[in-house]
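Read-outs throughout are calculated quantities, based only on the coordinates presented, and are distinct from any laboratory measurement. Just so you know, these numbers come straight off a predicted model, no measurement behind them.
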Amino acid sequence: MSLSNAPLAARQRTRESGAIPDPPGHAPAEMLTTQEVARLLRVDPSSVRRWRSQQPPQGPPFVRLSQRKVLYDAADLQHWLEQRRTDTEQEAA
C-alpha cells in the first residue's frame, strides 16, 4: 500500500510526526536528534555538532537531511559506542 492510499488520519499522523514509512520487510530505524544524542551521551549538544564538523567527522555516523536538520540512527550510535568501549584488563597489560 502506498502512502497516498493510506487513510487520511494515518497520512496526517505520518506528516505530523515526520516519520517516513519503512518498506515492507524492514525494521523501522529509531532516529535521534543532536539534542537527544547529546543527552544520551551526557555531553553538550555543541560537542556533538563539533564532532560532526571535524574533518574527518569524529562522532557517530549521521544523516544530514538539510543544512539545519541532522539525524542519528540509534543503532549506529550504539555501534559507535561499542567501538569505543575499553577493556580494563587489556589497558592494564
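Mean sequence separation of contacting Cα pairs (under 8 Å, at least six apart), scaled by the length of the range 29-86, corresponds to a relative contact order of 36 percent.
Give the shape of the range 29-86 as rounded, prolate or oblate, defined through the alpha-carbon gyration tensor: a ≥ b ≥ c are the square roots of its eigenvalues, a/c under 1.5 means rounded, and otherwise the shape is prolate if a/b is larger than b/c and oblate if not. It comes out rounded by the Cα gyration axes.
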